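The values are calculated or read from the model by the stated rules, or taken from the named source; none is laboratory data. Keep in mind the model is a prediction, meaning the values are calculated, not measured. Reconstructed Cβ throughout: ideal geometry from the backbone, glycine too, with neighbour counts over all protein chains shown. Note: areas computed on protein heavy atoms with side chains; ligands, DNA, RNA excluded. Shrake-Rupley method; radii C 1.70, N 1.55, O 1.52, S 1.80 Å.
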Amino acid sequence: MVQIELAQQIAKELQDDALAQHPVDNLDALRLHVADVVQQHIENNMERLLQMLYIMDISEEKIKKTLVSHSEEATPLLLADLIIEREMQKMQTRQAYRLQHQHLQEEIQDDEELKEELW
C-alpha cells in the first residue's frame with residue numbers, strides 16, 4: 001500500500017501519466033520506471049528534469065554530485081534513487097504530522113470533556 005502511494009506521488013511529481021494510471025507495487029519496478037523517465041528527460045529536456053528535481057526539493061548538491069561523479073549509464077538509476085528517497089521522506093513527515101495532529105485533537109477533546117465534568 002505504501003509503495004502504491006509512493007508511486008502515485010512520484011507520478012504526480014514527474015507528471016508521468018503511465019505511472020499514475022498503473023502504479024507499481026514493488027520498489028524495484030518503481031526504481032526502474034523512474035530511471036527510465038529520468039533517462040528520457042536527460043535525453044530530451046534536461047532543463048525540465050532539473051526543474052522537477054528542484055520542485056521535489058532534492059538536494060542540489062546531491063544532484064550535482066550524481067551528474068558529475070557517475071557514468072551516463074548509472075546516472076538515471078542514481079537520480080531515481082534520490083527521487084524515491086526524497087518522496088519517502090516527505091511521506092514519513094506527513095505521517096508524523098498527521099499523528100501529531102491527531103494526538104493534539106485527542107488532547108483537546110479530553111480537555112473539553114474534563115471541563116464539562118467540572119462544570
Every pair of residues 6+ apart whose Cβ atoms lie under 6 Å, when the first sits in region 68-95 and is within 16 Å of His33 (Cα to Cα) and touching a residue at least 40 places away in the same chain (Cβ under 8 Å) while the second is part of a helix (DSSP H, G or I) and open to solvent by 50 Å² or more (accessible area, probe 1.4 Å): Pro76/Gln39; Ala80/Arg31
Residues satisfying the stated conditions in region 31-46, i.e. basic (Lys, Arg) and out of contact with any helix residue (DSSP H, G or I) (no Cβ under 8 Å at 6 or more places or on another chain): none
Unique match (being under 18 Å from the mean Cα position of the chain (by Cα) and either over 22 Å from Glu5 (Cα atoms) or at pLDDT 95 or above (or both)) among Gln51, Gln92: Gln51
Subset of region 31-51 [of a type in the set (Lys, Arg) and exposed (fewer than 15 other Cβ atoms within 10 Å of the Cβ)]: Arg48
Tally of residues being of a type in the set (S, T, N, Q) and under 16 Å from Ala80 (Cβ atoms) across region 9-56: 5
Output for region 18-30, where each listed residue is at pLDDT 85 or above and open to solvent by 100 Å² or more (accessible area, probe 1.4 Å): Asp28
Per-region count, region 78-89, residues touching a Leu at 6+ places or on another chain (Cβ under 8 Å) and open to solvent by 20 Å² or more (accessible area, probe 1.4 Å): 2
